[in-house]
Amino acid sequence: MSIVLLRHGETALNAARVLQPADTPLGPRGLAQARAAAACLGQRRLAAIVSSDLPRAWQTAVALADATGLPITAEPLLQERNFGTLRGRPYDTLGFDPLLMDAAPPEGESMAAFCARVARAFRGVVARRTGLDGDVVVVTHGLVIGVMLGQHATLAAGTALPGRIGNASISVLAARPPHRVTLLDDVRHLHGIVADDPESLSGG
């Protein structure tokens with residue numbers, strides 16, 4: 001059985017390329033994306049849903065819970081990196097890439113602190129998966145998924161970590177070390193007007 005990483009659906013601020021305040025909800029297309037992802041994942045044998053408690057992730061998890069009847073466990077360690085006073089500002093006007101900055105923004109979180117938090121979250125997911133008869137779905141954020149895939153999983157030879165994790169994308173990795181990735185940033189379940197916008201912001 002596997003660990004499934006599901007990024008939340010699109011928000012209006014994703015589409016506008018703005019670093020998001022914590023309380024940002026899904027937009028209409030994001031809600032439709034969440035339902036499409038839920039329909040896709042409903043075909044798998046699922047045992048648990050663990051979600052970031054931020055609204056955009058939680059609403060995505062609710063769509064999956066509604067489709068499967070599974071409860072959701074809230075995990076604050078799965079929150080997106082805290083960009084402090086940069087939240088609410090347009091990404092393209094900053095003059096630097098905050099998603100890659102090592103230092104902590106004012107009132108925010110350094111890269112080292114963020115990666116350490118994601119490591120704790122990942123260990124918790126692996127521990128939760130032990131003994132379950134089915135997949136654990138982790139509903140979280142683009143930068144969190146990037147760290148989990150880049151630092152805690154093993155990609156197939158010749159495969160690079162994508163520079164952007166798509167809204168409502170699905171990645172699957174083995175529950176046991178070395179956590180080999182069998183599906184990476186897959187958005188094939190999104191079609192037409194709910195298709196992922198490659199220009200929207202992934203992270204923040």
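The values are calculated or read from the model by the stated rules, or taken from the named source; none is laboratory data. None of the values given here were measured: they were computed from a predicted structure. Note that we place each Cβ from the backbone using ideal geometry, even for glycine, and neighbour counts take in every protein chain shown.
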For Thr159, only one of the following conditions fails: (1) among the polar types (S, T, N, Q); (2) at pLDDT below 95; (3) under 15 Å from the mean Cα position of the chain (by Cα). What is its number? (3)
Output yes when any residue across the range 79-90 is without any contact (Cβ under 8 Å) to a residue 40 or more places away in the chain, farther than 18 Å from Gly166 by Cα and in contact with a strand residue (DSSP E or B) (Cβ under 6 Å, 6 or more places away or on another chain), and no when none is. no
Taking the stated definitions as given, is Leu99 within 18 Å of the chain's Cα centre (by Cα), crowded, with 20+ Cβ neighbours inside 10 Å and at negative phi? no
Would you mind telling me which numbered condition in (1) closer than 19 Å to Met1 by Cβ; (2) touching a strand residue (DSSP E or B) at 6+ places or on another chain (Cβ under 8 Å) Phe122 fails? (2)
Among the candidates Ala195, Ala168, Ala156, Ala160, which residue alone is closer than 30 Å to Leu94 by Cα, surrounded by fewer than 12 Cβ atoms within 10 Å (Cβ to Cβ) and aliphatic (A, V, I, L, M)? Ala160
Taking Leu77, is it surrounded by 12 or more Cβ atoms within 10 Å (Cβ to Cβ) and assigned to a helix (DSSP H, G or I)? yes
When the range 123-142 is checked residue by residue, the ones that are among the β-branched types (Val, Ile, Thr) and more than 20 Å from Val62 (Cα to Cα) are Val126, Thr130
Scanning the range 21-57 for residues that are part of a helix (DSSP H, G or I) and free of Cβ contacts under 8 Å to residues at least 40 places away in the same chain gives Pro28, Leu31, Arg35, Ala38, Pro55
Just one of (1) in contact (Cβ under 8 Å) with a residue 60 or more places away in the chain; (2) under 28 Å from Asp23 (Cα atoms); (3) out of contact with any Leu (no Cβ under 6 Å at 6 or more places or on another chain); (4) of a type outside the set (Asp, Glu) trips up Val138, so point out which. (3)
Can you name every residue in the range 2-20 that is closer than 30 Å to Ala175 by Cβ and in a helix (DSSP H, G or I)? Asn14
The range 139-156, residues that are under 8 Å from the mean Cα position of the chain (by Cα) and of a type in the set (A, V, I, L, M): Val139, Leu143, Val144, Ile145
Which number in (1) under 25 Å from Asp133 (Cβ atoms); (2) within 14 Å of the chain's Cα centre (by Cα) marks the one condition that Ala65 misses? (2)
